[in-house]
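Structure first, then comments.
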Amino acid sequence: MTDRPTNTNAPLEPASDSVELYIRTYYSLLRSTGEVRVRAFEETHAFSDSTLHLGARDSVPDVAAFAYAAARLPACMPAIGRIVLGQSHEQFEAIGLEVRDWAEVRTRGRRRPLRHNGADMLAVFLTSTSDLDDLIPIVTAYQIEWNKLHDRLAHSALGRAIARAPAEDPLDIDDAELSALLGLDASGIATIRAALGDQLDVGLRAIVARESDLKLRVLSTTYTGYQRAAHRWFSGIEPAYVRESTPKRPPIYFVSSNTHSVLNLVGGYARAHRDSIVEFVRRKNPERLAEVVEQALEGGDEDTLSNLSYYLLRAWLHEADVDTKELLLQVQQFDAESGVRTVPSPGKVDVSAQLVDLAKLRPDRLDPRVRVPGVELLAQSDAVVLNIDYPLGMAAYHLLTRLTQGASELLGVYVMGKAATLNGRVGDVMLSDTVFDEHSGNRYLFRNAFTAADLEPFMRRGTVLDGQKALTVRSAFLQNRDYMGRYYRDGYTVLEMEAGPYLSAVFEMAFPDRHPADTIVHLSNSVPFELGIVHYASDTPYSRRQELLSKSLSYFGVESTYGCASAILRRIFSREVARVRARTGER
């Protein structure tokens, strides 16, 4: 069965007016050189009818939206009153903020350089315009829902009891009372607890104590500033990339994925310590996976055992009775022996990189899924794989364009990322050959290096869907049902944030101009290297079976993650074996 024919030259319908109004509102207000109250964004945020915040205008707290926002903000957020956003240390220092001395803080759901002054101020480093499009709706949703919780708790008997309780004493909260007060069921209360996590008592005390009135200040942001950040990032990688031997700048296979999948598949540390990890699982039964391990052992299921080892490696390492620094050094030495060198957060940009020297790979340590015929010939390779922790939105454009300026030759670009799917399930894999990019307004058409046949051998639970169309959105919050319905009618079923910016960078590697805007761009026969894009589904925003804000990939997502990474590495290794044979004449 085939899709109905579509006119690829027909323009897409305009995006939702309410979403566009929201974007124009916060960009116009944030041009101010002073502080802007987040409450100035609340009305347009609420009336944008975001699919992530459908309860914005309801009096009952939308705890799913609150949890989503809280997971993408640091744990210190209950103490924060002011957020300052800038592109460099120098910008912060120019207004008297010595952020170099502030504590680094992180979030559970976003990688973004953040600094906390220990009191009420948070500094955010911007690496592209996508940071604004992502952060503003998150902060606004957080404040809207915080204040709903405050209104219901502050003047209640429970709220007064929380306020009177000594700060050093743990709170004894009755879930039934909290449920009745907030108008939530048991799952809603569980969501609140998950949202505040280890800071539950601190968060509840703060919510009771005060209404949220966050203030934002954006320091001067320029295109040049984003390019400068990308330059600092690649400058941090160059010492590991440039060799003393020839070629000094080796050819590169570029991969955008994460910091664990490529490393685990080629490094071999988890596989080498599998027996200890299995023993740990039997003893601790994390996430009730002991039964899965036993079934895999009984059935001789190597793929599942490997995936479990990779997934549980971090938990096993944390339990180890060894000094953390010493253990880290041991792991890094093992990785280096396998040909892998990691550069964490180069240039203070929170996008780590790994360089895999193909000539130094040890075939005995490779995951069997990536041991292609002739893999031993990689010992004669002069190329490297540069794998980066996928950046957010437009940062992908800036980083890839900077990388190509410093690389001698690019042999392939492979992008693996998470996406929401409108027609699949969590854990499915989607392969697109058309991408509409909201940043540039371009519709990119390209030949994807991967087909379903490349992924299906690694997928037992999920489905592989090729021939898809992807929509690169500006932010997860900046969409609603009407907005997405218009794209869905044009066949766009994959929602993600990086493919469009990457393709804009690819255009500039193939043509002598900067990428165009609002046009159809055919890349299929113009790109001088191989191009592959794969997404695995982490969300299903319109499915009644799985809710976007509550469904976690967890272990279920490991299969698709490592299936995608295995397909990418097999592709790279096979192409490099052929390249070595062509250069050396070996069979």
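The values are calculated or read from the model by the stated rules, or taken from the named source; none is laboratory data. Computed from a predicted model, the values in this text were never measured in an experiment. A quick note on method: Cβ atoms are made from the backbone with ideal geometry, for glycine too, and the neighbour counts reach across all protein chains shown.
Would you check if there is a residue in the stretch 285-302 being in contact with a Pro (Cβ under 8 Å, 6 or more places away or on another chain) and of a type in the set (D, E, K, R)? Checking the stretch 285-302: at least one residue is in contact with a Pro (Cβ under 8 Å, 6 or more places away or on another chain) and of a type in the set (D, E, K, R).
Quick check on Leu135: is it closer than 28 Å to Gly393 by Cβ and outside any strand (DSSP E or B)?
yes
Pairs meeting the criteria (first residue in the stretch 492-510 and of a type in the set (Val, Ile, Thr), second residue part of a helix (DSSP H, G or I), beta carbons under 8 Å, at least 6 apart or on different chains) are Val506/Leu400.
Assess whether Ala420 counts as being in contact with a helix residue (DSSP H, G or I) (Cβ under 9 Å, 6 or more places away or on another chain) and aliphatic (A, V, I, L, M).
No; evaluated as a whole, the condition is false for this residue.
Only strands (runs of 3 or more DSSP E) whose full extent lies in the stretch 461-539 are considered here, and the ones with at least 2 residues that are out of contact with any Asp or Glu (no Cβ under 9 Å at 6 or more places or on another chain) are 494-496, 520-522, 530-539. Filtering the stretch 445-466 to residues that are of a type in the set (Gly, Ala, Ser) and touching a residue at least 60 places away in the same chain (Cβ under 8 Å) leaves Ala449, Gly462. Note on the stretch 89-117: residues that are assigned to a loop (DSSP other than H, G, I, E, B), without any contact (Cβ under 8 Å) to a residue 60 or more places away in the chain and buried (at least 17 other Cβ atoms within 10 Å of the Cβ) total 3.
Pairs are defined by a Cβ separation below 7 Å, a sequence spacing of at least 6 or placement on different chains, a first member in the stretch 209-221 that is touching a residue at least 60 places away in the same chain (Cβ under 8 Å), and a second member that is of a type in the set (Asp, Glu); the pairs so defined are Lys215/Glu35; Leu216/Glu35; Arg217/Glu35.
As an exercise: evaluate Gly406 against (1) within 21 Å of Phe529 (Cβ to Cβ); (2) modelled with pLDDT of 95 or more and give the number of the one condition it does not meet. It fails just one condition, (2). When Arg24 is tested against (1) among the basic types (Lys, Arg); (2) modelled with pLDDT under 90; (3) assigned to a helix (DSSP H, G or I), exactly one condition is not met: (2).
Look at (1) over 26 Å from the mean Cα position of the chain (by Cα); (2) part of a helix (DSSP H, G or I); (3) surrounded by 13 or more Cβ atoms within 10 Å (Cβ to Cβ) and you find that Ile173 fails only one, number (2). Of the residues that make up the stretch 40-59, is at least one loosely packed, with under 13 Cβ neighbours inside 10 Å and either at positive phi or of a type in the set (Gly, Ala, Ser) (or both)? Yes, the stretch 40-59 has at least one match. Within the stretch 351-369, the residues that satisfy the criterion of being surrounded by fewer than 22 Cβ atoms within 10 Å (Cβ to Cβ) and not hydroxyl-bearing (Ser, Thr, Tyr) are Leu355, Asp357, Ala359, Lys360, Arg362, Pro363, Asp364, Arg365, Leu366, Pro368, Arg369.
Does Glu456 count as surrounded by fewer than 20 Cβ atoms within 10 Å (Cβ to Cβ) and either assigned to a strand (DSSP E or B) or in contact with a Pro (Cβ under 7 Å, 6 or more places away or on another chain) (or both)? Write out each step before concluding.
On the way: surrounded by fewer than 20 Cβ atoms within 10 Å (Cβ to Cβ): yes; either assigned to a strand (DSSP E or B) or in contact with a Pro (Cβ under 7 Å, 6 or more places away or on another chain) (or both): no.
Answer is no for this residue.
Of the set (1) under 16 Å from the mean Cα position of the chain (by Cα); (2) more than 20 Å from Glu498 (Cα to Cα), all apply to Arg362 but (1).
Scanning the stretch 72-88 for residues that are farther than 19 Å from Gly109 by Cβ and crowded, with 20+ Cβ neighbours inside 10 Å yields Val84, Gly86, Gln87.
In the set (1) under 22 Å from Ile144 (Cα atoms); (2) surrounded by fewer than 16 Cβ atoms within 10 Å (Cβ to Cβ); (3) of a type in the set (A, V, I, L, M); (4) touching a residue at least 60 places away in the same chain (Cβ under 8 Å), the condition left unmet by Ala69 is number (2). How many residues does the stretch 176-207 contain that are at positive phi and either assigned to a helix (DSSP H, G or I) or touching a Lys or Arg at 6+ places or on another chain (Cβ under 7 Å) (or both)? Count: 1.
Take Ser552 and tell me if it is surrounded by fewer than 19 Cβ atoms within 10 Å (Cβ to Cβ), at pLDDT 85 or above and assigned by TED's automatic domain parsing to the domain that holds Ser408.
Values: surrounded by fewer than 19 Cβ atoms within 10 Å (Cβ to Cβ): yes; at pLDDT 85 or above: no; assigned by TED's automatic domain parsing to the domain that holds Ser408: yes.
Spelling it out, it is not the case that Ser552 is surrounded by fewer than 19 Cβ atoms within 10 Å (Cβ to Cβ), at pLDDT 85 or above and assigned by TED's automatic domain parsing to the domain that holds Ser408.
Residues in the stretch 30-47 that are at pLDDT 95 or above and of a type in the set (Gly, Ala, Ser) were compared, and the one that is nearest to Ile136 (Cα to Cα) is Ala40.
Scan the stretch 524-533 and give yes if some residue there is surrounded by 14 or more Cβ atoms within 10 Å (Cβ to Cβ), farther than 20 Å from Leu392 by Cα, at pLDDT 95 or above and β-branched (Val, Ile, Thr), otherwise no. No, that holds for no residue.
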